[in-house]
1. Check Asp10: other-chain or 5+ apart residues with amide H under 5 Å from its amide H, H built from backbone geometry?
2. Rounded to the nearest 0.05, what FRET efficiency is calculated for Glu210 and Lys443 with R0 set to 41 Å and r the Cβ-Cβ distance?
3. How large is ³J(HN,Hα) for each residue in the range 271-285, as worked out from phi by the Karplus curve 6.51 cos²θ - 1.76 cosθ + 1.60 (θ = phi - 60°), to whole Hz, x for Gly and Pro?
4. Take Ser260, Ser278, Ser121, Ser143 and order them by how many other Cβ atoms sit within 10 Å, fewest up front.
5. Tell me the relative contact order for the range 13-188 as a rounded percent, counting alpha carbon contacts under 8 Å between residues six or more apart.
6. Could you calculate the FRET efficiency of Asp182 with Thr374 from 1/(1 + (r/R0)^6), where r is the beta carbon distance between them and R0 is 56 Å, rounded to 0.05?
7. Going down the list Lys460/Lys485; Lys47/Lys106; Lys513/Lys581; Lys381/Lys470; Lys79/Lys152; Lys443/Lys522, which pairs span over 32 Å between their C-alpha atoms?
8. Could you point to the residue in Pro170, Pro136, Ile110 farthest towards the positive end of the range 13-188's charge dipole, with +1 and -1 charges on the Cβ of Lys/Arg and Asp/Glu respectively?
Amino acid sequence: MNKPKQTEYDPRWQEKYKNMIATPGQAVSHLRPGQRIFIGTGCGEPKELVKALTDRASKLADMEIIQLLTLGEAPYAHKELADCFLVNSFFVAENVRGLIQEGLGKYTPIFLSDIPRLFSSGQLPLDAALIQVTPPDERGRVSLGVSVDIVKSAAENASLVIAQVNPQMPRTLGDSFIDIYDLDFLIPVDTPIFEATLPESTEVIREIGERIAALVEDGSTVGFSVGRIPHAVIDFLKEKQNLGIHTEMFTDNIIDLVESGAVTGAKKTLDRGKIVTSFCFGTRRLYDYIHNNPIFSFRPTEYVNDPSIIAKQYKMVAINTALEIDLTGQVCADSIGTKIYSGIGGRVDFNSGAARSYGGKAIIALPSTTTDGTTSRIVAKLSTGAGVVTTRGDVHYVVTEYGVAYLHGKSVRDRALALISIAHPRFLETLLKEAIEAKYLRKELADVGESFIVAPHEAKTSLLLDDGTKINFRPIHPTDEPKMKDLLYTLSQDALYSRFMTHVQRFPYKQVKDFVFIDHRKEVAIVGVLPEAHGEDIIAVGRYYLDPRTNRAEVAFVVRDEWQGRGIGKFLFKHLTTIAKRHGITGFTAEVLRGNKRMQAVFNNSDLRVRSKLSDDIYSFEMDFN
């Protein structure tokens, strides 16, 4: 993409609006003790005005500072100034976290989409707003640049608006403009705006990002929240097609995604062809890129975060993070115990909107453990004092580096199974024990142990049938128990007899449990699934059991009756063979009824060295991989 043209600001603006121009000190001298002051967001924070305000602290008292999120220094948030400035933040960043956790500041939990209404309704009236803008254009309009979010609403509703006018602020397009005469004081500065970079992604973060990207279909519209995980996903989206972006924020790596050609916005329901956001964090590279760039549309929070707007997007994917989740699906995202750590932000807005989007996906991601690895983030019950940001009824996808759990519409029992299976292996035994004690799971599961570990996703593959039907093959999962039971009870008596060599009438819970909870050190079980509106249907199962004494594995598989004769069994056997070879297994064994001609044909027509022996109407097969 070519670099956008630079727009010339009105070169005579300082002369034209000289009656409005003041120094930072002159402007903030109009502030009075007891007032409520809004400070601009993120990288758009007006640093010179903040400094002037703090310098005047000795003449001020009981000032309430309202902010969403500031990234730079927050000199007003020092303990010694607590009598002068009371910080009231909608999101707790590192620069005010200590103050608020010590009880010297305030945190207001609220959905990001609701904040503008606080200002406009008079519920939280603003006496003044300190913001940063571009110089005015020929029409007398200034752009809010990198931070439109709630800044636009604050500027529209504050009694006094003091604007730091900076030519280094990029001129962003969209609903980002304010008329010069809606400002009271103009403070000319020419200083770099704050730059922010995300820390380097760890291997765990990248693994989570890759798993999330696999859930994003071509043509989806994607929203990213604050944090390393959502933005790590971008690195794995560059091979997608016709993605759209509707997000509360983005960072520098949006440039690489756009220039990869993956983002066209062609499938978006609203704002087709536009990348919609309300603010951004980044470096000068990003600021130069978005300057006057018509593909970017910066809009206020009340639009970007409106769940009804988000829900209208086709295949909306919302990626949010969490600090902790319990086995019933309750998500804590803004506190560690009783200590407020961040904020609600736009998590609920985007989660709710994506869940109601046609083909949408609401995703919550978190590492399986804390950074030091000592504590599981998946827990039987939330920490004392932990706040529930997303209720158990609102959770859909949960992703860790160990897999993906889908919870929506699932029972507490199935949720516990799904979440334990994507927890860190070190904590599986404890979580299983606690889930049984809480009566979430049956006590018969006490012995499944490491069977909760999900097999590596490298075992996934797919088969395209002659009629265009695509069948996906993947490792069996503990949450496949109800689908496995459905498969078994839909098989004909002939199919059941061929597979189990007995006339099975019922499948006890223990037997079904043994099908899905396998020891991955000695067993492999692969299911063939078809996507359905409610999730997946299992139409085939193949597995092998290793005998460590011989280094051979007994293999067996079954295909639902109506899908037999279409090459599924042959493909499944070949896939199991590939997996077994990769694990250094010598070969397969199998027991097949004389009348089961299809399975015999699969073995005899394979490229393995096959030997068989008939005894009492049962063929014993031995197959060598070399």
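1. Residues meeting the amide H criterion: Asp137, Glu138.
2. For Glu210 and Lys443, the calculated efficiency is 0.65.
3. Values, residue by residue: 6, 4, x, 9, 8, 9, 8, 10, 7, 8, 10, x, 10, 4, 4 Hz.
4. Placing the least packed residue first, the sequence is Ser121, Ser260, Ser143, Ser278.
5. That works out to 24 percent.
6. 0.60
7. Beyond 32 Å: Lys381/Lys470.
8. Farthest along the dipole direction, towards plus: Pro136.
Where a number appears in this text, it was derived from the coordinates with a stated rule and is not lab data. All values reported here derive from a predicted model rather than from experimental measurement. Ideal geometry is used to build each Cβ from the backbone, glycine not excepted, and the neighbour counts take in all protein chains shown.
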